[in-house]
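**Q** Sharing a structure below in structure tokens format, with a few things to ask.
The values are calculated or read from the model by the stated rules, or taken from the named source; none is laboratory data. The structure displayed is predicted, hence computed values, not measured ones. Glycine also receives a Cβ, built like all others from the backbone with ideal geometry; neighbour counts cover every protein chain displayed. Side chains included, ligands, DNA and RNA excluded: accessible areas come from the protein's heavy atoms. Shrake-Rupley method; radii C 1.70, N 1.55, O 1.52, S 1.80 Å.
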Amino acid sequence: MAEYDLSKTIIPYLDRHLAFPLLAHLSEVSIFPDHDVLVAQYELAKGTNMVDYAAQLFEQIYPGKEVPKEFDEKRKNAVSTNERLEQEAQAVLDVIENPDVAQALRQDKNQNLQYLRDNYNLNLQQITALYNFGKFQYSYGSYGGAAEYLYHFRVLSTDTELNTSAHWGKLASDILTGRWDVALEELNTLRDSIDSRTSASLLAAASAAASAAASNTSTSTTTTTADPALVQLTSRTWLVHWSLFVYFNHPEGRTLLLETFLSPTYLNTIQTASPWILRYLSAAAILSRKAGAYQPGNATPVSSRVRNAIREVVKVIQMEEYQYQDPVTRFLKELYVEFDFEGAQRELREAVEVVGNDFFLSEFREEVLDNARYLISEAYCRIHQKIDIADLSERLNLSKEEGEKWIVNLIRETRMGSDAKIDLEKVRPPLFPFPLPFLFLPPFQPTHLRINKPPPPRTQNVIEINRPAQPVYQTIIEKTRGLALRTQAMGSALGRSAQATYAAVPQQGQQQQQGQQQQGQQGQQGQQQQMQKGVVVN
């Protein structure tokens, strides 16, 4: 199942530290050689200040070789840099942790900076020390301290670019420390910030990034400014990949994922830049089938987007199957587009294995399997009125006994309970496997016939689904529910076409008048030419 692994596709959209958990998971599932995974981890660790971890990986990859001396020099530089940045940041932290200062700070950042400058001689450059130290702590794996310093910096700083960078770093730190409630708040705030950024701010960010890249690259001779829409698309693409950590670890994450990813903005982002996210969108739709079902005791309202998630996801899978497909997406296609239950059963076997090897979905393997069986049984029961439990159990990859227990629980949990019942039919085999010849025998011979005792009846478990007929008036209401909206849309379309027609009529009249004038002028010019010719001849 290595061909379905998405780690190599997702890692380019993650921070270097966020990629370590994915590589650690690959070493556990063993779908790639252990040596290759260790090399990948070592290459990532070399770009950080986690010197001891990189040296440990080097010893595992090259046993018996001496660790390069560059690690010792890098360790000394990291220690000295950490001490210097800590002193600079501690001076600012001592001021802002003062209770009097905390009470004097307001929502206006400019007012806060003026207060700190007047009373404690702190300027924006000194406050940036919080950002520098938090970023350095993040680089050597102290994610808790990094989150604290980056938070304090965001509260005080007015630098838009550094605030955005600190926001991403704070989100990554909360993810790596496993504080999912705080990470969800940071994710929502960052998403609102990206969606609300204007073209001017995006253009400024793009130009700043381009100038920084040009200054860091010696071979660059020209600086190009990226398109603001492209910058926003890139930010949303990165946010989609980072959000997978939160949505598949937070208790309500799957429902929130559907709310976010099925919105037009992010659905367009997925279709344009990252179609492989359809695996996680499909898995979330399968996992949220209980949230979409009717539950009388559930006080939290469920949006229509979550209730109709399966339908919307299947539409997107159909449109994007030329770009991406895997057993998870093909399972929904076979079930809801092709209505091929054998194909869905085959794809489900592979999908369960793919889910078990996926970093984000591995903990939901059994839940995905259970909910997928529910979807199969629901679709199967929609088109059948009497169902053999043995046949349905086979389609669900269950034994007959397990299938009976599972279907009984299914009927109890879902709305099928009022419309479905399990009937133990007694099927008596025929007495003779051939037509009785009594009518063709003489009258005296039936008395000498020997008739065997009939065999005992055998039972057959069958589900009977009695769907009450829908009242006529309810059918009319359903059919005419969108009539007013469609009529209004049709009227507006006719109005636009009429306006276009009326606007075109004067233009046609002007064109006709211009044509007639041109014809008249041409006729006059012809007469003048003929008169000139006559004068010349005479």
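**Q** Of all chymotrypsin sites (Phe, Trp or Tyr not before Pro) in region 45-111, which ones are in loop regions per DSSP and have a Cβ with at most 14 other Cβ atoms within 10 Å?
**A** Details: sites: TYR53, PHE58, PHE71; in loops: none.
In loop regions of region 45-111 (DSSP not H, G, I, E or B), there are no sparsely surrounded chymotrypsin sites (Phe, Trp or Tyr not before Pro).
**Q** Cut-off 17 Å, label point 7 angstrom out along Cα-to-Cβ of GLU402: give me the residues of region 316-346 whose amide nitrogen falls inside.
**A** Only 345-346 pass the distance filter.
**Q** Keeping every protein chain present and rolling a 1.4 Å probe, give me the accessible area per residue for region 68-140 in Å². Write out the running numbers ahead of the final one.
**A** Details: 4660 Å² over 73 residues.
Accessible area per residue, region 68-140: 64 Å².
**Q** Still on this structure, I have one more. Got a number for the accessible area of THR158? Probe 1.4 Å, square angstrom, nearest 10.
**A** Near enough 60 Å² of accessible area.
**Q** What FRET efficiency, computed as 1/(1 + (r/R0)^6) with R0 = 35 Å and r the Cβ-Cβ distance, is obtained for VAL39 and LEU233, rounded to the nearest 0.05?
**A** Numbers: r = 32 Å, r/R0 = 0.93.
It comes to 0.60.
**Q** Shifting gears a bit: About the Cα centre, and with charges only on the beta carbon of Lys, Arg (+1) and Asp, Glu (-1), how big is the dipole of region 355-411? Nearest 20 debye, please. Don't skip to the answer; put the middle values down first.
**A** Numbers: 7 positive and 12 negative charges, 52 e Å.
Its charge dipole is roughly 240 debye.
**Q** When the accessible area of region 12-132 is computed with all protein chains present and a 1.4 Å probe, what percentage of it is carbon and sulfur? Mind dumping the intermediate values first?
**A** Values: 3290 of 7210 Å².
Answer for region 12-132: carbon and sulfur cover 46 percent of the accessible area.
**Q** Pairs on different chains or at least eight residues apart, Cα atoms closer than 18 Å: how many lysine pairs in region 34-132 fit? Before the final figure, lay out the partial values.
**A** Numbers: LYS46/LYS65; LYS46/LYS69; LYS46/LYS74; LYS46/LYS76.
For region 34-132, qualifying lysine pairs total 4.
**Q** Give me the aspartates and glutamates in straight-line cross-link reach of LYS333: C-alpha distance below 13 Å, same-chain residues under 8 apart excluded.
**A** Within reach: GLU312, GLU320, GLU321, GLU342, GLU347.
**Q** Please go through region 324-380 and write out the trypsin sites (Lys or Arg not before Pro) that DSSP classes as loop and that have at most 14 other C-beta atoms within 10 Å.
**A** Numbers: sites: ARG330, LYS333, ARG346, ARG349, ARG365, ARG373; in loops: none.
Hits after loop and neighbour filter: nothing returned.
**Q** Can you sort LYS386, LYS46, LYS8 by solvent-accessible area, 1.4 Å probe, largest first? Please report the intermediate quantities before stating the final value.
**A** Numbers: LYS386 115, LYS46 85, LYS8 155 Å².
Greatest to least solvent exposure: LYS8, LYS386, LYS46.
**Q** While we're here: Quick one: ranking HIS152, HIS250 by accessible area, 1.4 Å probe, largest first, what do you get? All intermediate terms of the calculation are to be shown ahead of the outcome.
**A** Details: HIS152 45, HIS250 20 Å².
Of HIS152, HIS250, the descending order of accessible area is HIS152, HIS250.
**Q** Through the Karplus equation 6.51 cos²θ - 1.76 cosθ + 1.60, θ set to phi - 60°, convert the phi angles of region 37-54 into ³J(HN,Hα) values in whole Hz; use x for Gly and Pro.
**A** 5, 5, 5, 5, 5, 5, 5, 6, 5, 4, x, 10, 9, 7, 5, 5, 5, 5
**Q** Would you kindly derive the ³J(HN,Hα) couplings of region 381-387 from the backbone phi angles with the Karplus curve 6.51 cos²θ - 1.76 cosθ + 1.60 (θ = phi - 60°), listing them in order in whole Hz, with x for Gly and Pro?
**A** 6, 5, 10, 10, 9, 10, 10
**Q** If you don't mind, another one. Taking a cut-off of 17 Å between Cα atoms, list the aspartates and glutamates near LYS170, but don't count ones fewer than 8 places away on the same chain.
**A** Partners found: ASP15, GLU148, ASP159, GLU161, ASP181, GLU185, GLU186, ASP192.
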